[in-house]
Amino acid sequence: SGQGIPIVSDRVRKAILGVPAEARLGDLPDEGLYEPRKIEGVYRGLLERAGSVVESGRVAILDAGFASRARRHEARRWAAERGLSARLIEVRCSPDTARERLARRAEAGNDPSDAGPEFLRLSLDRFEPPDEWPEEDHEVVWTD
């Protein structure tokens, strides 16, 4: 099955803009980097990069939110068109743990993601549980 290659949405987002991964842009939810049109481009960029990874016989690990059923459907469709299976690894932690990690990350300022604690409420509100994903290809990992 080959080695897994992570393709990180935050790095793809910065690469598309042509800015260094560690650049702090300070954009808020639905603005700048995070406006819906730009987010669409990031997910397209993930799949484009995954193409060359899987063509070389390796496993592509798409490190991104995939918070909507539509986005997950697109990823599964992309894999199916190539005769590939798609597994969903759902990473969970308590909201308090997430808030604390986001605050720490924002304070450190060295992560490719610009999403700080101010993104958490919106992320939780917009999350669509992956109940459509086939159970045998869905794993939940608690990270608290």
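The values are calculated or read from the model by the stated rules, or taken from the named source; none is laboratory data. Predicted model only: the values in this text are computed from it and were never measured. For neighbour counting, all protein chains shown are included, and Cβ atoms are generated from backbone atoms with ideal geometry for every residue, glycine included. The area values use the complete protein model at the heavy-atom level, side chains included, leaving out ligands, DNA and RNA. Shrake-Rupley method; radii C 1.70, N 1.55, O 1.52, S 1.80 Å.
Data table
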read-out	value
Of L120, V53, T143, farthest towards positive along the dipole that unit charges on Lys, Arg, Asp, Glu beta carbons give the stretch 33-144	V53
3J(HN,Hα) from dihedral phi, the stretch 127-134, Karplus parametrisation 6.51/-1.76/1.60, rounded to Hz, x for glycine, proline	5, 9, x, x, 6, 7, 6, x
Accessible-area value, I61, 1.4 Å probe, nucleic acids and ligands omitted, Å²	80 Å²
Rounded tilt (10° steps) of 36-55 against the dominant C-alpha axis of the chain	40 degrees
Size of charge dipole - the chain - debye, nearest 20, with Cβ of Lys, Arg +1 and Asp, Glu -1, no other charges	420 debye
Spin-label model distance (nm) - E139 vs R37, 7 Å beyond Cα toward Cβ	3.9 nm
Most to least packed among 89-99, 9-19 [average Cβ atoms within 10 Å]	9-19, 89-99
Using alpha-carbon coordinates, inclination of helix 95-108 to the longest axis of the chain, degrees	70 degrees
Accessible carbon and sulfur surface of the chain relative to its total accessible area, %, 1.4 Å	51 percent
In sequence order, calculated HN-Hα J values of the stretch 65-77 (Karplus, 6.51, -1.76, 1.60; Hz; x Gly/Pro)	x, 6, 7, 10, 4, 4, 5, 5, 4, 4, 5, 5, 4
Extent along principal axes [Cα atoms of the chain; Å; largest to smallest]	41, 33, 27
